[in-house]
Amino acid sequence: MEDLFGNPIDDKTSIPIFADVILPVPIPWMFTYMVPREMEPIIGIGFRVIVQFGTRKILTGIVGKIHQKPPKEYDAKPLLELLDNQPMVNPLQIKFWHWIADYYCCHIGEVMNAALPSGMKLNSESRLQLNPTFQDSGSDYPIDEREKIILDHLETEGELTFEACGKILELKSAHHIIKSLVAKEMVLVYEQLKEKFTPKIENRIRLSALFVSDKSALEALFAKLESKPKQEEIILKYLQQVPVYKDEKINHEGLDKKLLTESGISVNSLRTLIKNGIFEEFTKIISRFENLPTNPDTLSLSPVQEEALNQIKEAYKEKQTVLLHGITGSGKTSLYIKLVQEVMDSGSQVLLLLPEIALTTQMVNRLTKVFGNKMGVFHSKYSDNERVEVWQGVIQGRFQFVVGVRSAVFLPFDSLGLIIIDEEHETSYKQHDPAPRYHARDTAIMLAYLHQSKVLLGSATPSFESYYNARQKKYGLVELNLRYGEAQLPHFHMADILADKKKNLLKLDTTRLLREKIQEALNNQEQVLIFQNRRGYAPYINCEDCSWVLECDHCDVSLTYHQFGEEMRCHYCGFKQKVPTSCPACGSNNLVTVGQGTEKIEENLAMLFPEARIARMDLDTTRSKYGYQNLLENFSAGNVDILVGTQMITKGLDFGNVTVVGIVDADRLLYFPDFRSGERAFQQITQVAGRAGRRQKTGNVIIQSRKPDHPIYQSILSGDYRNFYLQEMGERQQFFYPPLVKNIKITSKHKEFKTAETAALHLKNLLQAIPVKKIILGPEKGLIGKIKNQYIFELLIKLDKNGQAPPIFKEHLKLVLEELAAAKAFKSVRFIIDVDPV
Ligand code: ADP
Ligand code: ZN
Ligand code: ZN
């Protein structure tokens, strides 16, 4: 008997072995399959396999465990296929997935779904197309009969699903044939719904084999071409770039044809050389990622930065995790660069996590200049193909360093030495939907633990969670309190909206102080950022006579008026309708807009400063793949004087010419009904303020408020984070809030109000019986009681964060939910578990 690669296998041992396979289905366990003998010598944890699931489904799964125990409840079916000859996922990753499933109370299959780029999860929906290179120039490989049938079908039909291939060939699974076609580069596989895979192709040329293997042939050729200098030049140029006389093998890869044609050679002569069989032309699928030269870094740290770096290293002697609390503009990135370099030099891998929006900007450009193409970039706006390329780049060792968004924690690292989480306080690190509802910072710390790697958390406004851990001495704490270079922190000014109103100084919702500072900046050709965390024109449309408000048909929220497009939109479900001209309740025509979104502010500013060039940055102006980048480039090039934006403008921007930052309605941040509103307001205001005065010129920050005496503004103005933290923590202690306790939020959703409520109540009763100390609040109607026609009720569970309460509670919770799922009355209710909600 032989294995898949034709090596003999010993027939004598006859104990069957089994594989537990993780499948992309919402079921909390793995499924056991029998391993066919010929797979035995190869298969292991992390291999992709094709299995039959139920009677009809064919799925790709990942081997999670190999053992010899047959399943008790069912007969194990055999694995149908082994997809690769090496694991795609390593054992550390499998451990990591299990941890996430346990900690965030979700299914391992859901974790796998989040972890693998969809191109790696071939399923019956995956599709095939002919490989364009094969279509153009054929192939040297032999084609067997069944492969021919598939190729012929593709020729006429353009594409086929995996399932269709099976049907055509009358096979349960055609995967081995598809695999062989892929290996021979005759077909490409892509996912339905995703854009069709358009490989990037390069036309290349190489010398015909004859001239490479036989030196005298090449010499004879040169002799013959003496009278044809143009052709001779081309061959010489080729040999310069591809010195085949030193190493024959490099001829096979040849040279990008463009490189030759762009170097000024005669295109006609090249054509002749190809026609005469001296060169041959071929195509190659190349990487989407450009080949960037690495630029050996010349960055030198300032003395304070140097000192901070030493403190970090010192702290690592005892602690796994260090929090770097460095004010805006202190140069945290420079410290990251130094650390990344050191860890890379030691041979380990590095992961740098960034909030989504920061990843398209300056930060990546700065890092690219230093690390070139040794650095992989993992972005959520990437196509699936690009993500698969990064995944494979990590396995092959091409990317020793990856900078990426939260899902980059799932890349197949095997020897991480350092994980850096920049702007660690960012809430966008938490995934809200679908499960796993994980927090990238917290999972990264777990990942680091599995790798025995270090973690650096960086922020100017740390999350209370991290600061608490640092003060508890669980993490090291390093502070950087000086801006880099000449730059000073900006001056803060409170602008009293009500006082201005009384004195008739308020114009178009803009205080005199803000107007003056903007005008000053404009006069000096400096730039201005205006922050308002609300997009659209106005959050309400309201009847002045009967106070009717236009609400969404499907959600419990008012519709936002968008001037652009003249429509009313729901920001929760996307519902749109025309702007009403009269009140449907009383018929009055006195409809007014209330409140101000970014559109309205843009309009106001245009009236106040008609000479200024104004742009707006929010979700509506940055939807396209490059929308955000284009706006930033425009701003950076000085084509915009005033940029109005939502929290998008608060993240990581580093522009030297910004001297004024205005916050239109700071109070809105404060009065959001959440125990974290103070913390968030502090963070957002400090972050946006930090965009001002980052070089020589001093910045000014104007905070418009109706309550300028609110103590939180005093803390922000003085920049005293520690003091603010201590004050707020008093309250959190009193009312049992994180980080002092652990929160789990459970939401019940149903299209009937009553069902959603009763389900939550019933669940609460079951949870009360769990034998750990806890507080359960609710059920309460969600902050928004209905979204997309689903009524929402919430339970909040508070647990003692130390000790065994959380794991015991979660263990029981699992059983309770299984019980509920089986109860007829609540079958159609969705329960959503959010551990550590933010
Ligand atoms: P932070 O992320 O802490 O807000 P940055 O890393 O963006 O700060 O640094 C602020 C500015 O100072 C950037 O323009 C950066 O290029 C510059 N800078 C910081 N450290 C150095 C250094 N050691 N050498 C040269 N420029 C530096
Ligand atoms: Zn009315
Ligand atoms: Zn809606």
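In bins 5 Å wide, starting from 0, what share of all Cα pairs of segment 200-286 does each bin hold, as a percent?
Taking every Cα pair in segment 200-286, the percentages come to 3, 14, 27, 28, 18, 7, 2, 0.
Have a look at Leu80, Asn385, Leu351 and report the one farthest towards the positive end of the charge dipole of the chain, computed about the Cα centre with Cβ charges (Lys/Arg +1, Asp/Glu -1).
The Cα lying farthest towards the positive end belongs to Leu351.
Please name which of Leu270, Gly138, Leu171 has its Cα lying farthest along the dipole of segment 129-273 towards the positive end, using unit charges on Cβ (Lys, Arg +1; Asp, Glu -1) and the Cα centre as origin.
So the residue furthest toward the plus end is Leu270.
Can you give me the accessible area per residue for segment 741-835, using a 1.4 Å probe, in Å²?
51 Å²
How do the peptides 584-592, 470-478, 789-797, 107-115 rank, highest first, by the average count of neighbouring beta carbon atoms within 10 Å per residue?
For the peptides 584-592, 470-478, 789-797, 107-115, the packing ranking is 107-115, 789-797, 470-478, 584-592.
Tally up the carbon and sulfur contribution to the accessible surface of the chain as a whole percent, 1.4 Å probe, everything protein left in place.
Of all accessible area on the chain, carbon and sulfur atoms account for 50 percent.
Hey, any idea what Rg/Rh is for segment 37-135, computing Rh the Kirkwood way over Cα pairs?
Rg/Rh: 1.00.
Just to be sure I understand: of the beta bridges DSSP finds with both ends in the chain, what percent are antiparallel, rounded to 5?
If I count the DSSP bridges inside the chain, around 60 percent turn out antiparallel.
What whole-number distance in Å separates the alpha-carbon centres of segment 64-134 and segment 786-813?
So the separation of the two Cα centres works out to 29 Å.
Measure of size requested: the Rg and Dmax of the chain, with Cα atoms as the atom set and Å as the unit; please supply both.
31.1, 98
Can you show me the helix-derived [θ] at 222 nm for the chain, built from DSSP H runs with n ≥ 4 at -39,500 (n - 2.57) apiece and divided by the number of residues, rounded to the nearest 500.
That comes out to -10000 deg cm²/dmol.
Out of residues 5 or more away from Thr659 or on other chains, whose amide H comes under 5 Å of its own, with H placed 1.01 Å from N in the peptide plane?
Excluding prolines and chain starts, which carry no amide H, the hits are Gln527, Gly693.
Once label points are set 7 Å from the Cα along Cα→Cβ at both Ser139 and Ser266, what is their separation, rounded to one decimal in nm?
Rounded to a tenth, the inter-label distance reads 3.9 nm.
Would you please give the residues with an amide H less than 5 Å from that of Lys65, counting only those at least 5 places away or on a separate chain, with H modeled from the backbone geometry?
Answer set, sorted by chain and number: Asp20.
Could you go through segment 77-89 in sequence order and give the Karplus-derived ³J(HN,Hα) for each residue, using 6.51 cos²θ - 1.76 cosθ + 1.60 with θ = phi - 60°, rounded to whole Hz, and x for Gly and Pro?
Result, ordered by residue: 7, x, 5, 7, 8, 10, 7, 9, 9, 8, x, 9, 10 Hz.
Multiply the residue separation of Glu248 and Ser624 by 0.36 nm, subtract the distance between their alpha-carbon atoms, and state the gained length in nm to one decimal.
130.7 nm
Give me the distance between the Cα centres of segment 392-428 and segment 674-701, rounded to whole Å.
28 Å
Let me check I've understood the local charge: for Ile62, count other residues with C-beta under 15 angstrom from its C-beta, Lys and Arg +1, Asp and Glu -1. What total comes out?
Summing Lys and Arg as +1 and Asp and Glu as -1 gives 0.
Where in the chain are the DSSP H helices whose C-alpha atoms run 24 Å or more along the long axis and whose mean Kyte hydropathy is at least 0.0?
Membrane-span-like by this criterion, though nothing is claimed about a membrane: 805-822.
Report, in cubic angstrom per residue, the convex hull volume of the C-alpha atoms of segment 461-546.
Normalising the Cα hull of segment 461-546 by residue number yields 222 Å³.
Order of 480-487, 215-222 by packing, highest average Cβ count within 10 Å first?
Listed from highest to lowest mean packing, they are 480-487, 215-222.
Using all Cα-Cα distances in segment 538-595, what percent lands in each 10 angstrom bin from 0 up to the longest?
Computed distribution, short to long bins: 27, 57, 16.
In segment 497-611, with Lys and Arg counted as +1 and Asp and Glu as -1 at Cβ, which of these residues, Met568, Pro539, Gly595, has the Cα nearest the positive end of the dipole, that is, farthest along it?
So the residue we want is Gly595.
So what does the Cα-only Debye profile of segment 540-694 read at q = 0.09, 0.11, 0.12 Å⁻¹, as log10 I(q)/I(0), no solvent term?
Debye intensities relative to I(0), on a log10 scale: -0.37, -0.55, -0.65.
How large is the dipole of segment 689-731 about the Cα centre if only Lys and Arg carry +1 and Asp and Glu carry -1, each at its Cβ, rounded to the nearest 20 debye?
Charge dipole of segment 689-731: 440 debye, to the nearest 20.
Which pairs, out of Lys473/Lys651; Lys430/Lys651; Lys764/Lys788, put more than 19 Å between their alpha-carbon atoms?
Lys473/Lys651; Lys764/Lys788
Quick one: putting +1 on the C-beta of Lys and Arg, -1 on the C-beta of Asp and Glu, what dipole do you get for the chain around its Cα centre, in Debye to the nearest 20?
1560 debye
Let me know the charge dipole size of segment 741-835 about its Cα centre in debye, to the nearest 20, where only the beta-carbon of Lys, Arg (+1) and Asp, Glu (-1) is charged.
So the magnitude is around 200 debye.
Taking only C-alpha pairs under 8 Å that are 6+ residues apart, what is the relative contact order of the chain in percent?
It rounds to 9 percent for the chain.
Beyond 24 Å between alpha-carbons counts as too far, so tell me which of Lys179/Lys249; Lys148/Lys184; Lys786/Lys814; Lys172/Lys827 fall in that bin.
From Lys179/Lys249; Lys148/Lys184; Lys786/Lys814; Lys172/Lys827, over 24 Å: Lys179/Lys249; Lys786/Lys814; Lys172/Lys827.
If contacts are Cα pairs under 8 angstrom and at least 6 residues apart, what is the relative contact order of segment 200-286 in percent?
This gives 54 percent for segment 200-286.
Within segment 523-680, what percent of beta bridges assigned by DSSP are antiparallel, to the nearest 5?
Among the beta bridges of segment 523-680, antiparallel pairing accounts for roughly 50 percent.
What share of the DSSP beta bridges in segment 353-483 is antiparallel, in percent to the nearest 5?
Of the beta bridges lying entirely in segment 353-483, close to 10 percent run antiparallel.
The values are calculated or read from the model by the stated rules, or taken from the named source; none is laboratory data. These numbers come from a predicted model, not from an experiment. Note: ideal-geometry Cβ built from the backbone for every residue, glycine included; neighbour counts use all protein chains shown. These accessible areas exclude ligands, DNA and RNA; they are computed on the full protein's heavy atoms, side chains included. Shrake-Rupley method; radii C 1.70, N 1.55, O 1.52, S 1.80 Å.
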